[in-house]
1. Once Cα extents along the principal axes in Å is worked out from the coordinates, which option in (1) 44, 33, 28; (2) 52, 41, 25; (3) 69, 32, 26 does it equal?
2. Report, for the stretch 2-131, the % of DSSP beta bridges that are antiparallel, rounded to 5.
3. With θ taken as phi - 60° and the coefficients 6.51, -1.76 and 1.60, list the Karplus ³J(HN,Hα) couplings across the stretch 102-110 in order, rounded to whole Hz; mark glycine and proline as x.
4. Considering only Phe6, Pro35, Ile93, whose Cα is most displaced toward the positive end of the charge dipole of the chain, charges sitting on Cβ of Lys, Arg (+1) and Asp, Glu (-1)?
5. So what is the 222 nm mean residue ellipticity for the chain from helices alone, if each DSSP H run of at least 4 adds -39500 (n - 2.57) and you divide by all residues, rounding to the nearest 500 deg cm²/dmol?
6. Work out from phi, with θ = phi - 60° and the Karplus expression 6.51 cos²θ - 1.76 cosθ + 1.60, the ³J(HN,Hα) of each residue of the stretch 27-44, listed in order in whole Hz, and give x for Gly and Pro.
Amino acid sequence: MVTVCFRCPSCAMHVIRGLVCNDAVRALMSDFPVPLRCPGCGTVSLVLQHSRHRTLRAEGEWDSTVGHCLTIAATCRLRAGEVQSADARLFMIRLEQQWLELGARCDVFQQCAIVPARVTRPWSRRRLRHSA
């Protein structure tokens, strides 16, 4: 499990969510956003790992949800052609399909933000030994 901490761009609530889905964790670690809903106001934000995307403002970058989805799907398609591993290629193609499906379900006027998030991973025994 990976814990994601981000600030909702709509209500400014600090959100802490655990990701247990392997595809969501893998996408986040591969520099792709993960759609997460704020429990306070219900706004869906596209969350990216902060350490890799320092140029993102804390309040997020707003655009149409469909626009974000199509851009992300196109990036998945490009990366699928670049990776060497068949497993990674299939993952990128599956991720592209998920973003295309999400874009098709969204209203063309719907807006969302890409927001940075802090990501923490579970402590391993090895990390604990070295920090003592």
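FYI, it's all coordinate maths here, none of it is from the lab. A quick note: this is a predicted structure, and the numbers were derived from the prediction, not measured. We place every Cβ from the backbone using ideal geometry, glycine too, and count neighbours over all the protein chains shown.
1. (2)
2. Beta bridges within the stretch 2-131, antiparallel portion: roughly 75 percent.
3. With coefficients 6.51, -1.76 and 1.60, one gets 4, x, 5, 7, 7, 6, 5, 9, 5 Hz.
4. Working it through, the farthest residue towards the positive pole turns out to be Phe6.
5. -13000 deg cm²/dmol
6. My calculation for the stretch 27-44 gives 4, 4, 6, 9, 6, 10, x, 10, x, 10, 9, 6, x, x, 10, x, 5, 8 Hz in order.
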